[in-house]
Every structure is written in structure tokens, then in C-alpha cells.
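Note sheet for the following structure.
Taken together, the values in this text are just the output of simple stated rules run on the coordinates, not laboratory data. Everything numeric in this text was worked out from a predicted model, so none of it was measured. Reconstructed Cβ throughout: ideal geometry from the backbone, glycine too, with neighbour counts over all protein chains shown.
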Amino acid sequence: MEKQVNHLVDWLKQKAEQANVDGLLVGVSGGIDSAVVANLIKRAFPENSLGAIMPCKSGVDDEQHANSVIDACGIDAVKIDLTDAHDVMFSTIKMQLEKKNAWNEKQAKLADANLRARLRMSTLYSLATNYRYLVVGTDNAAEWYTGYFTKYGDGGVDLVPLVNFTKGEVREMARFLDVPTDVIDKKPSAGLWEGQTDENEMGTTYDMIDKHLKGEPVPEKDREIIERLHARSAHKRELAAAPPKIR
């Protein structure tokens, strides 16, 4: 694990140097993936790394866990509450669509959640411009394969150091990096609404996804769910589609 961590830290330094920036930043959610990334960028740039806590109708536990991650790794941090910005933007969109009789209440929950992720992305890039940093993402292999991220939200980043690591491997790395135990042991959740968990939304577990990615057998029901999620989210892992030139 020490070899893996050193490899990632060296890679982060290299990418920052290639981009001619001064450091790196990450959004710290209180979850295990962002905790690991916060530790990695702190090791890569001890004096030029930043953890951004961006509550937006978030649970109290999430912010407490984010703060414990910040304290444990000693990274510089900033808190920017996006609740008011989200309320203004979402209510304005809803009001205008209701005037057109075009508001889709069935899609409102998803639109609300995706807007939060995209507001956080915009905030991170505003911070990155201010500091001359790159934005580092937190998606692991399971999330990347299944598309469990918001396009141009938490998927809108410059670097994805954990994309080749399963959720289980990220958990091992977190223990090696001395991430707080309560962060390691909590149920994975995007914190989008009360009681929301990643696995309930996906319909399968990270353990099953990890096994599938390693080529190990999993129940047919889980295999079908994982492959359906992968196929449906292909557009998230690609650049915006463009038509071919007419020659």
C-alpha cells in the first residue's frame, strides 16, 4: 500500500507540474473517497493543497466527518455553504417552468440532486482559478464503471487518482492513511436526502461491483444490474458527442 500511495502522490505532482499550476484541491464530503484524496494531495503539496467543505442541505454528520478528515490530515480548508445559492437557482427554474406548464415533478428530486453536485463543481473551479490549482476528483473504479456520479458535477474534475481502485482497495488505503474510523465505517452515501445510500440507489453492493470488476463470479441479478448501469452511463465517460465531418 505504501508503494501505491507513493505512486499516486508522484503522479499528482507530475500532472500539476505539466499543467503549470501551483497545487491541488478537492471537495471534502465526509465520505471515504474524498478523505483518501485529501490525504493524497496533502502529501503531494503540503503547503499548496486545499479541502473544500460545501454543505448544501447536507446532514450534520457529513459536515462533522468532513471536519474530522480535515483535522486528521492537516490540510488547509475552506467552507462555502451553497444552500442559499441552490435554493435561489432551483426555485427560479421551477417557477419559470411552472409558468410554461412544463414542470416535471417526477424528475424534481433528481434535478435537485444533480444541481447540488454541479454547484459544487462550479465552486471548486472558482477556487481552483483563484489559487491556480487543479481540481482532483474522488470517483473510484466502481463508481466510474457504473456511472454513479453526476455528469459535469462530481464527474467534472481534472484528475481522477482513484479510478483504478475498487471500493475495497480505497478502504484499505484509507486505513493506511489513518483516515478517521467513523469515516471509513460509515455507509457510502452522496448525502442527497435523508436515508439515501449509494447501494440502495444502485440496486447492488460495492462488494458485488468490486468482484465483477476483478473478474470474479457474482449472482446473475447483480451482474445484469452492473452491466446495465455501465451501458446506460457510457456518455458520462466520453467527451461530448460530435457529428462526423461531411467530406
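Results, tabulated for the structure shown:
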read-out	value
Residues R116, R132 arranged by fewest to most Cβ contacts within 10 Å	R132, R116
Shape of region 1-50, Cα gyration tensor, a/c cut at 1.5	oblate
Selected from G74, G23, G155 as most flexible by GNM, with the chain as the system and alpha-carbon contacts under 10 Å	G74
Gained length - K3 relative to Q107, 0.36 nm times residue gap less alpha-carbon distance	33.0 nm
Distribution of pairwise C-alpha distances over the chain, 10 Å bins, in %	7, 29, 36, 21, 6, 1
Members of K42/K151; K106/K186; K109/K151; K42/K109; K167/K236 lying beyond 24 Å, as alpha-carbon distances in this model show	K42/K151; K106/K186; K42/K109
Sequence-distant residues sharing a close amide H with D76 (under 5 Å, placed H)	S49, G51
Value of relative contact order over the chain, rounded to a whole percent, pairs C-alpha under 8 Å and six or more apart	21 percent
Karplus (6.51, -1.76, 1.60) ³J(HN,Hα), θ = phi - 60°, over region 72-81, in Hz, Gly and Pro reported as x	5, 9, x, 6, 4, 9, 9, 10, 10, 7
Sequence-separation-based contact order of region 137-177, relative, with Cα cut under 8 Å and 6+ spacing, percent	51 percent
Per-residue HN-Hα couplings for region 238-247 [Karplus 6.51, -1.76, 1.60; θ = phi - 60°; Hz; x = Gly/Pro]	10, 5, 4, 5, 10, x, x, 5, 8, 9
Listed residues E98, E224, E47, most fluctuating in the chain (Gaussian network, C-alpha, under 10 Å)	E98
Computed label-point distance, nm, for sites A242 and K13 using a 7 Å Cα→Cβ extension	3.6 nm
Phi to ³J(HN,Hα) by Karplus 6.51 cos²θ - 1.76 cosθ + 1.60 over region 163-174, Hz, x for Gly, Pro	5, 9, 10, 5, 4, x, 5, 5, 5, 4, 5, 4
Residue of V170, V179, V88 that the Gaussian network model of the chain assigns the largest fluctuation, springs spanning Cα pairs under 10 Å	V88
